[in-house]
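Each remark here refers to the structure printed beneath this line.
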């Protein structure tokens, strides 16, 4: 350690335990500061910054100290090794000092036995990143005015400084030694310590991270030139030494959503809701929170970009739970952590093992977005909480979080989740049009749709118009329904339902998607001729991407059977729409029963082919038990309709024939 001799104003070096008692200077840098190299030159006294050295030494001698440490000249900044050692040791150097002089160059001296509190609170010294550790580390600190006269001792105005900085007064009182500082820091959450720096600035971006090394009790090498990556490295170092999950709660403010009573939204319900949404207008259920109605700018890695993200997070603290989170770590796939997860209709939420001081009854929940498999990013939108019971009731899931907003997220957004392609066509057919139109599609490409995670305006229905080269009057549409609603944000579709519709002779106008959808919804009212083709679907997995392949096969279909099957489908959709409306009186009865059937792998056709007894007996029995007698009549019409739909496959053409043009 290099110190200034207060009497000779010369630099002296000390090693190990031979360091004498010293005073230390805290200040904001100005123009023409004195460097280590300047101290070797005879013209050093001509520099404007030399006055700081003279006044600091004079003040130290008045306090009975013979040495002073000043950061401008006691570090050889041309040596990267020495600079790195000094920055990693700086918190300790300030803590080991006998007294710290905080020079406020923009605060006038005391007048009439008092100091200017307004000027004091607005001093630039309270906005700089490096002065944060210089404020709390010394056992004793005094503030000096712009003329180097005494202003006030830190402990005298501890509460006032606490209001200015958000730092607890426990760190601002005089201490006999450094042990209290260490214990106080370790008992303070990462989020709270980060919040102290959220309003501060540094000249160099990297210094915003390096100035927090001592506050966060970590060490790491310095790499000037890395920019904001320094703060990411800082957080990764914290993860190595601390299990405090408040590090991931950045951006949390006043809670505006409570997930305590939200019911998980199953994959089966998402699939059925998508079928309903095509034929009927359908809105998201009450469980929808709007968390996933976001664009790419709302997506983020699990780590904060800067301390500014922790603004307002000083109230967040870790908490004890019955089942603590297993150890987590940063891997080459991102942050690997196991957390309780809730899936709703519009996204996922994960609980953190932390809460707010002012409301210890709730845990903090992060809105997260699934990119692929168990890889997630987090959303910047919304402040969610849940009761402590959710820690045990939500599904524990192994997650991998993208660390930060870098190329990793871009890679996921650019890579396809799945593709839909026409595998084979009869030689007399050609693709005339694909809607919605896909830019950059090659004319001879058989891929009709590629889904990427970053597509926020995903239309889950693809329309492909074919023309028969041998019959100018024959034109038909292949509708591919992706059973995965856009608001559910599932990374892969549960299934595809294709269907062929005959079109009138082509004209000069190209139908829009909404026109086609409206046209198809009305087609059951019109007479249609047979479509002489059927559809077959096969699936294939290519690495992490899925591929759905569609074959168009020449085959005549009975037009009456097709008409009856479509009517049957619409009747079933009407029932599903009522069920998915989730009336509170029968929500548990119908919802759980439907989940039970669907989640065990039944296809839609198999569900329709179930015996009427499978539906009517349990539903009628449970409804009589849970619904008041005067309300039961309200559901009799529904029960009779369900019975009709169940009997329909037994008395009309088998539903499996629709599957020849649909599910295979």
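Bear in mind these aren't lab numbers, they're just calculated from the coordinates by the rules spelled out. Given the structure is predicted, the values throughout are model-derived calculations rather than measurements. In this analysis, Cβ positions are derived from the backbone assuming ideal geometry, glycine residues included, and neighbour counts consider all displayed protein chains.
Going by average Cβ density within 10 Å per residue, which order do the peptides 217-226, 101-110, 307-316 take, highest to lowest?
On the way: 217-226: 14.9, 101-110: 18.5, 307-316: 21.3.
Those peptides, ordered most packed to least, come out 307-316, 101-110, 217-226.
Between residue 105 and residue 63, the FRET efficiency estimated from the beta carbon spacing at R0 = 22 angstrom works out to 0.60.
A simple packing score, the average count of other Cβ atoms within 10 Å per residue, orders the peptides 62-69, 354-361 as 62-69, 354-361, with the highest score first. Model label sites at residue 327 and residue 359, defined 7 Å from Cα along the beta-carbon direction, differ in position by 3.5 nm. At an R0 of 51 angstrom, the distance between the Cβ atoms of residue 471 and residue 240 translates into a FRET efficiency of 0.15.
For the pair residue 79 and residue 445, label points projected 7 Å from Cα toward Cβ lie 6.0 nm apart. In this structure, residue 10 and residue 46 have a Cβ-Cβ separation that, at R0 = 22 Å, corresponds to a calculated FRET efficiency of about 0.80.
Once the piece of chain linking residue 428 and residue 320 is laid out straight, how much longer is it, given 0.36 nm per residue of separation minus the C-alpha distance between them? Can you show the working numbers first?
Working: separation 108, 0.36 × 108 = 38.88 nm, distance 6.91 nm.
Working it through step by step, the gained length comes to 32.0 nm.
Normalised by the number of residues in the stretch 2-187, what is the relative contact order in percent for Cα pairs under 8 Å and 6+ residues apart? Provide the component values of the computation, followed by the final result.
Values: 297 pairs, mean separation 38.6, N = 186.
Here the relative contact order equals 21 percent.
Each label was represented as a point 7 Å from its Cα along the Cα-to-Cβ direction; for residue 147 and residue 383 these points are 4.6 nm apart. For the stretch 305-381, the alpha carbon positions stretch 36, 33, 30 Å along the principal axes, listed from largest to smallest.
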